[in-house]
Amino acid sequence: MALTLITGGTRGIGAAIAQRLAADGHDLVLGYRADEERAAATVEAVRSAGVRCEAIRADLTADDGIEALFDGLPGRLTGVVNNAGATYRYASLVETPVEEVRRTVEVNLTAPLLVARAAVRAMSTAYGGAGGVLVSVSSGAATLGSPGEYVHYAAAKAGVDAFTKGLGLEVAGQGIRVVGVAPGLVATELHAATGDPDRVERMAAAIPLGRAAEAAEIAAAVAWLMSDDAGYVTATTLRVAGGR
């Protein structure tokens with residue numbers, strides 16, 4: 001069974017990606033960190049599309065978390081969506097505690113980088129794999145810098161863009177395309193969770209298209225990059241940010 005793995009696949013953008021890829025016929029494994037109830041609900045919704053789906057609980061920042069996730073896959077991996085990430089509050093860098101800066105970089109850069117490493121080992125023809133596609137979810141913040149909000153998060157996401165470019169070139173001859181998606185403002189529960197539930201409405205006026213994206217619009221970009229229609233696309237990041 002050929003599989004696509006989505007890290008952070010049970011809520012927000014990750015869940016939307018799961019629904020879209022299921023509609024396109026992908027059998028899925030959804031990685032999640034803690035919320036078992038949400039994971040079970042997302043798996044059930046995905047299975048309703050007629051594909052196979054299961055969830056694997058793994059903390060990607062733990063020493064053995066990524067290994068446990070990849071070792072638990074019930075089939076041959078041909079796609080990875082490197083989606084798991086988090087922000088914790090909106091604040092200037094100087095007002096952000098040191099440990100929160102470290103945790104933000106660990107979750108949004110170190111863990112995705114190590115997921116990408118594991119993905120190459122699983123899919124590369126040089127390691128006996130069948131080839132495949134690695135899509136990493138970055139952020140429009142990587143080029144905007146996000147002053148006064150989360151400079152540390154923006155810096156971590158810029159790192160994701162950098163390894164997408166470098167790794168894509170590194171493994172271009174090994175049957176793997178490495179690409180990224182950089183969403184702009186997206187209407188998800190993230191904003192309320194970080195203490196600013198009105199942020200989407202407040203920020204919409206600064207976006208040329210005049211609104212936030214829906215998670216399904218980010219999922220559509222991921223689905224295209226994973227499809228044969230994008231077969232000549234690698235080592236680049238697609239910005240999906242409403243012109244901002």
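No lab work stands behind these numbers, since they all come straight from the coordinates. Quantities reported herein were computed from a predicted structural model and do not represent experimental measurements. Cβ sites come from the backbone with ideal geometry, for glycine too, and all protein chains shown count toward neighbours.
Fewest-first ordering of THR96, THR78, THR164 by other beta carbons within 10 Å of each residue's beta carbon gives THR96, THR78, THR164. Summing charges over all other residues whose Cβ lies under 15 Å from the Cβ of THR143, with Lys and Arg as +1 and Asp and Glu as -1, gives +2.
Look at TYR153, TYR90 and count the other Cβ atoms within 10 Å of each Cβ; fewest to most, that gives TYR90, TYR153. PRE reach from GLU95 (point 7 Å along Cα→Cβ): which of segment 120-155 fall under 14 Å by backbone N? Backbone N within reach: 147-151. One quarter of the convex hull surface built on the alpha carbon atoms of the chain amounts to 12.3 nm², the projected area averaged over directions. Computed over the chain, the per-residue total of -39500 (n - 2.57) for DSSP H runs of n ≥ 4 gives a 222 nm mean residue ellipticity of -11500 deg cm²/dmol, rounded to 500.
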